[in-house]
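I have placed the structure first, in the form of structure tokens, so that the comments after it can refer back to it.
The values are calculated or read from the model by the stated rules, or taken from the named source; none is laboratory data. This one's a predicted model, so the numbers in the text were calculated from it and none came from an experiment. Reconstructed Cβ throughout: ideal geometry from the backbone, glycine too, with neighbour counts over all protein chains shown. What goes into the accessible areas is simple: the full protein's heavy atoms, side chains included, and nothing from ligands, DNA or RNA. Shrake-Rupley method; radii C 1.70, N 1.55, O 1.52, S 1.80 Å.
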Amino acid sequence: MEADELLVLVAGGDQMAFEELYGLVSGPVYGLVRRVVRDPAQSEEVAQEVLLELWRSAARFDPERGSALSWVLTLAHRRAVDRVRSVRAAGERERREALRAASPAFDHVTEEVEAGLEREWVRRCLNRLTALQRQSVTLAYYDGYTYREVAERLSLPLGTVKTRMRDGLTRLRECLGGVA
């Protein structure tokens, strides 16, 4: 029997006709899919999908519009192209995600640079303070001591430490341009 006659019988649900049609078209379907997809395992998978679709959609075949083999091969070509596009799109998504994960965000880099510049600026301004002011400010703001703890650590009255801190912070503010 010819593929056209078999496909009409398959459209009516004839399983024996499908087995015979399968034998006729499975080789050409796999060959076409293999040329488009290239990967043997994926080609087998796509070919099986096409043959399953053939069973399900045989009723859509119109013998007036062409041969059964050309209709089946058109189904196979479309399905193979869809697979290639899908795999390519997935690969592109993975590549973009890998690039995004591998490269630091622009804002992150900018923040690091700005933080480094700010640290250097603060360091220069701290060096302009008197030794006593710098020591008090450093103990309080970098080491986390309270004013009372700074006073105890330096063996100075609390009022003296507060004055040094106030004067030191005023000079820092002026040096930093009112930012602090």
Could you give every pair whose Cβ atoms fall below 8 Å, whose first residue belongs to the stretch 9-38 and is under 30 Å from SER86 (Cα atoms), and whose second residue is open to solvent by 50 Å² or more (accessible area, probe 1.4 Å) and among the charged types (D, E, K, R), counting only separations of at least 6 or pairs across chains? TYR30/GLU44; VAL33/ARG79
Please enumerate the residues belonging to the stretch 137-157 that are of a type outside the set (A, V, I, L, M, F, W, C) and within 48 Å of the chain's Cα centre (by Cα). THR138, TYR141, TYR142, ASP143, GLY144, TYR145, THR146
Check on SER67, touching a Lys or Arg at 6+ places or on another chain (Cβ under 9 Å) and hydroxyl-bearing (Ser, Thr, Tyr): no
Within the stretch 83-101, can one find any residue that is under 19 Å from GLU2 (Cα atoms) and free of Cβ contacts under 8 Å to residues at least 40 places away in the same chain? no
All but one of (1) open to solvent by 60 Å² or more (accessible area, probe 1.4 Å); (2) part of a helix (DSSP H, G or I); (3) of a type in the set (A, V, I, L, M) hold for MET1; which doesn't? (2)
Against the condition within 49 Å of the chain's Cα centre (by Cα) and surrounded by fewer than 18 Cβ atoms within 10 Å (Cβ to Cβ), how does THR160 come out, does it pass? no
